[in-house]
Amino acid sequence: MEIKDIKAVYFVGAGGIGMSAIARYFLSKKLVVAGYDKTPSNLTHELEKEGMLIHYEENVDLIPEACKDAKTTLVVYTPAIPAEHKELVFFHENGFTIEKRAQVLGTLTRTHKGLCVAGTHGKTSTSTMCAHIMHQSHIDCNAFLGGISKNYGTNYILSDKSDYVVIEADEFDRSFHWLRPWMSVITATDPDHLDIYGTKEAYLESFRHYTELIQPGGALIIHKSLEMKQHVQDGVKIYEYSQNEGDFHAANIRIGDGKIVFDFVSPLETVTQVSLGHPVPINIENSVAAMAMAQLNGCTAEELRRGMETYAGVERRFDFKINNPRHVFLSDYGHHPKEILQCAKSLRELYAHRKLTVIFQPHLYTRTRDFYADFADALSHFDEVVLTEIYPAREQPIEGVTSKLIYDHLREGVERTMIAKHDVAEWVRSRDFDVLVVLGAGDLNDYVPEITRILEEKEKA
C-alpha cells in the first residue's frame, strides 16, 4: 500500500514508544488514527488528547468504522501482540495490509533520506542527538526516536520542508532489515536478543546484512572497535569513529565542574570548543557519531556547536532527577552488561569520591541466563548493588533463572541486597544515599517519581 492511498491507520498495540511516533506521523497527515492497547498509560492518554481513538478491550466491535475498509486502511502491529489476538485475526481474514512498525519506517526511508542509527546500545541517545542537531539547523528533519527527547517532550519530530528522516534502527527480530538508509551509524554489536538470534554469529550476520541495505551515494559511519564485518554496496562511503580515534573522533577533552568540552575532529572540518549540554562522559562518543552524520548531510560548524550545547538528553538515558552535593539520583534504561558498565564508569568519572548505589531490575529470563556473569561483573563496578526480581516482558519463567544468579556472582566487597520490586520505595525511605541510580528496561522506572519525592523530603528534613 502506498502512503498516498491511506485514509485510516489502525495500531494493534498502540502504546509503545516506537508505535506512538508512527501514530503521531499519521495524525499530522490528518488521517483517521485509531488502535488497541492492553493497558492505559500516560502515553496513550497523550495520544488520545492528540486525536487518536484508543480502546483497551480486545474487541473487533470497538474498531472504528473508518478503519474497517481494507482498501484504505493500513494496519500496524507490534510483534509483542500474539497471533491469535482477535483484532489481528479479523484484519488477516479480511485482506487488510498489515505491517510491522519497521515496515512502515522502511517505506519512509524510500520516500525520504533515511539517517538511521543502529547498535546494541547508544542508538537512542545518538539518534536523538542527530535529530536535534538537524532540526535546529537550516536543513531540519523528521525523526522517529526510541525515547522521549527532553528537548521536545516527544519521540517524534515533524518537518514540512525537510527530506531527511532520522530513525532509530532496531535489531530486535531483525526489524532494521526493512530499512533502506541513506546513511547509517552503527554504535555497537555486542550480542543481545539471543532468544531471537540463537547465536552471536547470527547476531553479527544480521548487522552485516543491514549494511548491504545502505543506498549507493550514502555512507556508513561505524564504530572502530566492532567485531562485525560490513558489506556495503558500491558507491557507499565508509567512515570509522570512536572517542579517541578514527575518521571522526574527539580531541582535547576537558571534563570538570559538571562540564564536558572537546574538539570534534573530522575529515570535512574540525569543530573546536564543542560543549555538551548533557555532560555525561559516554555522550562524548555518541555525540561524535551524531555530529558526523549531521555534518555529512550539510550541517555547519556553528550548527553542530549549538546543537550539542542545547541538547538536553533523553528520558531514562542518564536522566538526572536530583543532582546536588547531598544527593544524586538518576534513572537509566541500561539493560545490557555493556550499558551497565558504561553507566558505572561514567558515574565514577563524574563522582570519583562518592558512594555509588544501583537498583537493578534484570530484563528477560533468557538475557539473564545468557549473561548473568557479565551482569555481575558490570554491576560490581558500583559500591552497592540492589537487585529486584526479573522483569519477564514477553517470556515465561525459566527454571533456575532468577536474580540470584547475578547476586551470587558479584565480586567480593560489593554491598548487595535482594528485594521485591514493590518494596523498593520503602527501602529507599529507610536508607540514605550519596549517588543512586535505577537501572533497567522493565517497569521499575514506575517507582522513580516516588523515589524522587522521598529523596526531596529527606533534603527538607
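The values are calculated or read from the model by the stated rules, or taken from the named source; none is laboratory data. Fair warning: this is a prediction, and the values are worked out from it, not measured in the lab. So basically every Cβ, Gly included, is an ideal-geometry build from the backbone, and we count neighbours across all protein chains shown.
Report, by residue number, each residue of region 285-300 that is in contact with a Phe, Trp or Tyr (Cβ under 9 Å, 6 or more places away or on another chain), hydrophobic (A, V, I, L, M, F, W, C) and surrounded by 23 or more Cβ atoms within 10 Å (Cβ to Cβ).
Our first condition is that a residue be in contact with a Phe, Trp or Tyr (Cβ under 9 Å, 6 or more places away or on another chain); within region 285-300, this holds for 285, 287-292, 295-297.
Okay, now just the ones that are also hydrophobic (A, V, I, L, M, F, W, C), so 288-292, 296.
The answer is V288, A289, A290, M291, A292.
Condition check ((1) in contact (Cβ under 8 Å) with a residue 12 or more places away in the chain; (2) touching a Pro at 6+ places or on another chain (Cβ under 7 Å); (3) in the same structural domain as L444 (by TED's automatic domain parsing)) across all residues:
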{"position": "N297", "(1), (2), (3)": "yes, no, no"}
{"position": "E302", "(1), (2), (3)": "no, no, no"}
{"position": "A344", "(1), (2), (3)": "yes, no, yes"}
{"position": "R369", "(1), (2), (3)": "yes, no, yes"}
{"position": "A376", "(1), (2), (3)": "yes, no, yes"}
{"position": "H381", "(1), (2), (3)": "yes, no, yes"}
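Output the residue which, of all residues in region 105-123 that are over 17 Å from N283 (Cα atoms) and at pLDDT below 95, is surrounded by the most Cβ atoms within 10 Å (Cβ to Cβ).
Taking region 105-123 first, the residues over 17 Å from N283 (Cα atoms) are 105-116.
Restricting the remaining residues to those that are at pLDDT below 95 gives 105-112.
Values: L105: 27, G106: 21, T107: 18, L108: 18, T109: 21, R110: 11, T111: 12, H112: 18.
Among those that are over 17 Å from N283 (Cα atoms) and at pLDDT below 95, it is L105.
Of all residues in region 198-215, none are touching a Leu at 6+ places or on another chain (Cβ under 6 Å), at pLDDT below 95 and crowded, with 21+ Cβ neighbours inside 10 Å. Among the residues of region 219-240, none qualifies, meaning not one is surrounded by fewer than 20 Cβ atoms within 10 Å (Cβ to Cβ) and in contact with a His (Cβ under 7 Å, 6 or more places away or on another chain). Going by the structure shown, is V274 part of a strand (DSSP E or B), in the same structural domain as V117 (by TED's automatic domain parsing) and either aromatic (F, W, Y) or closer than 24 Å to V314 by Cα (or both)? Considered against the rule, which asks whether it is part of a strand (DSSP E or B), in the same structural domain as V117 (by TED's automatic domain parsing) and either aromatic (F, W, Y) or closer than 24 Å to V314 by Cα (or both), V274 comes out as yes.
Can you pull out the residues in region 116-127 that are of a type in the set (S, T, Y) and out of contact with any helix residue (DSSP H, G or I) (no Cβ under 8 Å at 6 or more places or on another chain)? Break it down stepwise before answering.
Step one: of region 116-127, the residues of a type in the set (S, T, Y) are 120, 124-127.
Result: T124, single match.
Given the residues T199, T128, T124, which is the only one that is closer than 17 Å to Q295 by Cα, outside the structural domain of L341 (by TED's automatic domain parsing) and among the hydroxyl-bearing types (S, T, Y)? Reasoning before the result, please.
On the way: T199 fails: closer than 17 Å to Q295 by Cα; T124 fails: closer than 17 Å to Q295 by Cα.
After ruling out the rest, the residue left standing is T128.
Identify all residues within region 391-410 that are within 24 Å of D173 (Cα to Cα), without any contact (Cβ under 8 Å) to a residue 60 or more places away in the chain and of a type outside the set (A, V, I, L, M, F, W, C); write none if there are none. Selection gives Y391, P392, Q396, P397.
Output yes when any residue across region 205-217 is touching a helix residue (DSSP H, G or I) at 6+ places or on another chain (Cβ under 9 Å) and in a loop (DSSP other than H, G, I, E, B), and no when none is. Taking every residue of region 205-217 in turn, at least one turns out to be touching a helix residue (DSSP H, G or I) at 6+ places or on another chain (Cβ under 9 Å) and in a loop (DSSP other than H, G, I, E, B).
Among the residues of region 301-315, is any surrounded by 21 or more Cβ atoms within 10 Å (Cβ to Cβ) and assigned to a loop (DSSP other than H, G, I, E, B)? The answer is yes; a qualifying residue exists.
Evaluated against (1) modelled with pLDDT of 95 or more; (2) in contact with a Leu (Cβ under 7 Å, 6 or more places away or on another chain), V435 falls short on exactly one condition, (1).
Examine region 37-44 for a residue that is of a type in the set (K, R), surrounded by 13 or more Cβ atoms within 10 Å (Cβ to Cβ) and either touching a strand residue (DSSP E or B) at 6+ places or on another chain (Cβ under 7 Å) or part of a loop (DSSP other than H, G, I, E, B) (or both), and state whether such a residue exists.
So the first thing to find is which residues in region 37-44 are of a type in the set (K, R), and the list is 38.
With surrounded by 13 or more Cβ atoms within 10 Å (Cβ to Cβ) added as a condition, the list becomes 38.
If we keep only those that are either touching a strand residue (DSSP E or B) at 6+ places or on another chain (Cβ under 7 Å) or part of a loop (DSSP other than H, G, I, E, B) (or both) too, we end up with 38.
Looking for residues that are of a type in the set (K, R), surrounded by 13 or more Cβ atoms within 10 Å (Cβ to Cβ) and either touching a strand residue (DSSP E or B) at 6+ places or on another chain (Cβ under 7 Å) or part of a loop (DSSP other than H, G, I, E, B) (or both), one finds at least one in region 37-44, hence yes.
Checking the structure you have, find out if any residue of region 286-300 is hydroxyl-bearing (S, T, Y), part of a helix (DSSP H, G or I), under 21 Å from V185 (Cα atoms) and under 19 Å from the mean Cα position of the chain (by Cα).
Start the filter on region 286-300 by keeping residues that are hydroxyl-bearing (S, T, Y), which leaves 287, 300.
If we keep only those that are part of a helix (DSSP H, G or I) too, we end up with 287.
Still in the running and under 21 Å from V185 (Cα atoms): 287.
Retained after the next criterion (residues that are under 19 Å from the mean Cα position of the chain (by Cα)): 287.
Within region 286-300, one or more residues are hydroxyl-bearing (S, T, Y), part of a helix (DSSP H, G or I), under 21 Å from V185 (Cα atoms) and under 19 Å from the mean Cα position of the chain (by Cα).
Would you check which residues across region 124-141 are out of contact with any Gly (no Cβ under 7 Å at 6 or more places or on another chain) and modelled with pLDDT under 95 and list them? S125, the sole residue that qualifies. Of all the residues in region 4-29, those that are in a helix (DSSP H, G or I), more than 26 Å from A393 (Cβ to Cβ) and among the charged types (D, E, K, R) number 2.
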